[in-house]
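J.: One structure follows; several queries about it will come next.
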């Protein structure tokens, strides 16, 4: 058992920590950039976002864009880490060497996946704190705690997406295919939001569906997200544990 603990520790030490640090600084920089740049945009552009997404004020417009930084920074740096778990080693013919170790395939997958998911959640938390600081400085309709909860909700979504992709990547033999699947996974949840901006008539009479699919709900229901965001992240990590276990079983059956 101690040898397995040592193995897990070694895998964690070889995780791409610097990439995640860079993603954290990039995300915080994007939040700061939104706060500086958006008020300088032409008034019609701001009004389009405000009216189109039913936002109350300039602070809500800024935070709505801040949440995109949480989503994309965490997703893409997490994707890089997840590709390095199995997909890239298989394509480079190194997976055989990894599976030769006297370590069960499921343990190997978990030891290489959990540092990525944990760092992804940490990056999301860091950028979410920057969103909370942005909300505090703007002093608008969204409270800092609501902004933090919204960022954690986005982080929870990313953790679930990455954990699900990890199961798919177990059988992937071409990293380009894996990247294309990941891009589709990242963009698909955002399509209803784009449709809401340009075809709001489609959503008329479907309030529950709108609240569930349009990411502006991170602003609309900020008060609820004070507790729902942290709860969602905790639940996402629990579900991710089940997905990691499923991926380990898949790897054991698939081999190389």
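Only the coordinates and a few stated rules stand behind these numbers; no lab work does. It should be emphasised that the depicted structure is a prediction, and the values quoted were computed from it without experimental measurement. All Cβ positions, even for glycine, are placed from backbone atoms using ideal geometry, and neighbour counts span all protein chains on display.
J.: For the pair residue 45/residue 12, report the inter-label distance in nm, with labels modelled 7 Å from Cα in the Cβ direction.
T.: 4.4
J.: I want to verify a result. In a Gaussian network model of the chain, Cα cutoff 10 Å, which of these has the top mean-square fluctuation: 106, 81, 27?
T.: Highest fluctuation among the options: 106.
J.: Using only helices, what value at 222 nm comes out for the chain when you add -39,500 (n - 2.57) per DSSP H run of length 4 or more and divide by the total residues, to the nearest 500 deg cm²/dmol?
T.: Result for the chain: -26500 deg cm²/dmol, rounded to the nearest 500.
J.: So if the hydrodynamic radius of the range 34-158 is defined as the Kirkwood radius over C-alpha pairs, what does Stokes-Einstein give as its diffusion coefficient at 4 °C and 1.567 mPa s, in µm² per second?
T.: After rounding, the answer is 78 µm²/s.
J.: Let me ask another. Full extension from residue 187 to residue 76: what is 0.36 nm times the residue separation minus their Cα-Cα distance, to one decimal in nm?
T.: This chain segment gains 38.8 nm when fully extended.
J.: Ranked from highest to lowest mean number of other Cβ atoms within 10 Å per residue, what is the order of the peptides 141-149, 181-189?
T.: Put in order of decreasing packing, that is 141-149, 181-189.
J.: Restricting things to alpha carbons, find the Rg to Rh ratio for the range 100-142 using the Kirkwood radius for Rh.
T.: 1.41
J.: How tilted is helix 58-83 with respect to the longest principal axis of the chain? Cα atoms for both, answer in degrees (0 to 90, nearest 10).
T.: 10
J.: Mind checking the log10 I(q)/I(0) for the range 120-210 at q = 0.14, 0.26 Å⁻¹? Debye, one equal scatterer per Cα, no solvent, two decimals.
T.: One equal scatterer on each Cα of the range 120-210 leads to -0.74, -1.12.
J.: Which value in nm describes the separation of the simple spin-label points at residue 197 and residue 209, placed 7 Å from the Cα toward the beta carbon?
T.: Simple spin-label model gives 2.1 nm for this pair.
J.: In whole Å, what is the distance between the alpha-carbon centres of the range 212-256 and the range 144-192?
T.: Cα centroid to Cα centroid, the span is 9 Å.
J.: Where a ≥ b ≥ c are the square roots of the eigenvalues of the C-alpha gyration tensor, would you call the range 196-256 rounded, which needs a/c under 1.5, or, failing that, prolate if a/b is larger than b/c, or oblate?
T.: Here the range 196-256 falls in the oblate category.
J.: For the chain, what does the relative contact order come out to in percent, with C-alpha contacts under 8 Å and a separation of six or more?
T.: That works out to 27 percent.
J.: So what is Rg over Rh here for the range 66-124, counting just Cα atoms and using Kirkwood for Rh?
T.: When Rh is taken as the Kirkwood radius, the ratio is 1.09.
J.: Right, here's the next one. Give me the angle, in degrees from 0 to 90, between the Cα long axis of helix 144-169 and the longest principal axis of the Cα atoms of the chain, rounded to the nearest 10.
T.: 40
J.: Another question about this same structure. Take the chain, connect every pair of alpha-carbon atoms lying under 10 Å apart with a spring to form a Gaussian network, then pick out the residue of 209, 24, 235 with the largest mean-square fluctuation.
T.: 209
J.: Taking the Cα atoms only, what angle lies between the long axis of helix 222-254 and the longest principal axis of the chain, rounded to 10 degrees?
T.: 20
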